[in-house]
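The values are calculated or read from the model by the stated rules, or taken from the named source; none is laboratory data. Predicted model only: the values in this text are computed from it and were never measured. Here the Cβ positions follow ideal geometry from the backbone for every residue, glycine too, while neighbour counts run over all protein chains shown. Protein only, heavy atoms only, side chains kept; ligands, DNA and RNA dropped before computing areas. Shrake-Rupley method; radii C 1.70, N 1.55, O 1.52, S 1.80 Å.
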Amino acid sequence: MTASDPPLDDELLDQLYRDFETANLNPLWTQLGDLMPMTPTSKAVPFVWKWSTLYPLAQRAGDLVPVGRGGERRAIALANPGLGGVPHVTPTLWAAIQYLGPKETAPEHRHSQNAFRFVVEGEGVWTVVDGDPVAMRRGDLLLTPGWHFHGHHNETDQPMAWIDGLDIPFVHYTDTGFFEFGSDCVTDDATPDVSRSERLWAHPGLRPLVGLDAKASSPIAAYRWEHTDAALREQLALEDEGYPATTEPGHAAVRYTNPTTGGDVMPTIRTEFHRLRAGAHTRPRRDVGSAVYQVFDGTGRFHLGDKVTEVGTGDLIVVPSWTQCSIEADTDFDLFMFSDAPIVERLHFHRTHIAEGA
């Protein structure tokens, strides 16, 4: 306000704001800081869920809660403490521990949301995606792209747990979700070691001439641990031999990719695997977009903002958008990661800041 401006009439101004409210209007000048902050200010907060807490709770749910139509899945979502109790790990991502008991079957359904499963321990469950049975084993990443029918069956006398990752919050926010029930059991209860999808598509560097069109999601149903492990191991071996093969000293990393595009495995979710040697650490960085890590093996610590948390096998760590993050390894340290980077990059909102000299 300048000396030449007329004095404000408080009574008239109050009436103006009441009239705005009545007319379902909201003036920009009262909320600019909230709508357009100087840097991303996620309501989600950095947080760690300990496997030692998650798994016993999943076991108790296995004893008390049946799997079948209605509930569909015995999946327990991670609820970020900053998001007001909604079952979202970040504003765009959903993560859960899913638990399937001995000889149980989760019925088939399909939905718009893209999904994956990552197995931190156990085997003996097959996920059936559009009639193709896919074995689930430790270290495997398994895809269920949007609108593919899928169910799970456990053929053993032991329970099995894994993590699910989906883009549920993003689909919910954009009002783009559809859901449809499928078979009450699974359409193929076979238990092959290798799925038909892998037999056709999962040969490194080779692509079948059938289906040369670009697919929105990867046609590979399972990315097997033996291949992930070998790729990481060879990066570190090449580093030892003096070749530039790692992202940082002692830090090997791979991204799971769609062989039809070379891009991410699904249009809304990026998946990676990171291996740090004992004693290695990453430089502090900030990224636009949110990420979730699960410790696959080993122990270390995450520096999230000004907080440091010790983590070990199975623990899940959420890194909200623009939160400064760095990782230290006590032992050889294996980490699975998924993020919303494809959304952020497609919209050209991506930005990264890496601390110099750290």
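Overview of values
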item: Residues located in the stretch 227-267, provided they are of a type in the set (A, V, I, L, M, F, W, C), out of contact with any Pro (no Cβ under 8 Å at 6 or more places or on another chain) and closer than 13 Å to Ala216 by Cβ; result: Val265
item: Hits in the stretch 274-290 (condition: hydrophobic (A, V, I, L, M, F, W, C) and within 19 Å of Asp334 (Cβ to Cβ)); result: Leu276, Ala278, Ala280
item: Checking Phe178 against (1) within 30 Å of Gly289 (Cα to Cα); (2) open to solvent by less than 30 Å² (accessible area, probe 1.4 Å); (3) over 20 Å from the mean Cα position of the chain (by Cα), the condition it does not meet; result: (2)
item: Residues (open to solvent by 80 Å² or more (accessible area, probe 1.4 Å), of a type in the set (S, T, N, Q) and over 27 Å from Pro91 (Cα atoms)) located in the stretch 9-58; result: Thr22
item: Residue, surrounded by the most Cβ atoms within 10 Å (Cβ to Cβ), within the stretch 181-209, restricted to residues that are touching a Ser or Thr at 6+ places or on another chain (Cβ under 9 Å) and of a type in the set (Asp, Glu); result: Asp189
item: Neighbours by Cβ (under 6 Å, 6+ apart or cross-chain): first from the stretch 306-330, at positive phi; second surrounded by fewer than 22 Cβ atoms within 10 Å (Cβ to Cβ) and of a type in the set (S, T, N, Q); result: Trp322/Thr39
item: The listed residue being assigned to a strand (DSSP E or B) and of a type in the set (A, V, I, L, M, F, W, C), out of Ala253, Ala190; result: Ala253
item: The stretch 333-353, residues that are loosely packed, with under 14 Cβ neighbours inside 10 Å and either modelled with pLDDT under 95 or touching a strand residue (DSSP E or B) at 6+ places or on another chain (Cβ under 6 Å) (or both); result: Thr352, His353
item: Strands (runs of 3 or more DSSP E) enclosed by the stretch 265-314 - at least 1 residues per element that are hydrophobic (A, V, I, L, M, F, W, C) and touching a strand residue (DSSP E or B) at 6+ places or on another chain (Cβ under 8 Å); result: 270-276, 291-297, 300-304, 307-311
item: So Ala75, is it farther than 30 Å from Arg137 by Cα, modelled with pLDDT of 95 or more and surrounded by 18 or more Cβ atoms within 10 Å (Cβ to Cβ); result: no
item: Neighbours by Cβ (under 7 Å, 6+ apart or cross-chain): first from the stretch 86-111, open to solvent by less than 10 Å² (accessible area, probe 1.4 Å); second basic (Lys, Arg); result: Gln98/Arg73; Gln98/Arg74; Leu100/Arg74; Ala106/Arg73; Pro107/Arg69
item: Total residues in the stretch 270-288, condition farther than 17 Å from Leu316 by Cα and in contact (Cβ under 8 Å) with a residue 60 or more places away in the chain; result: 6
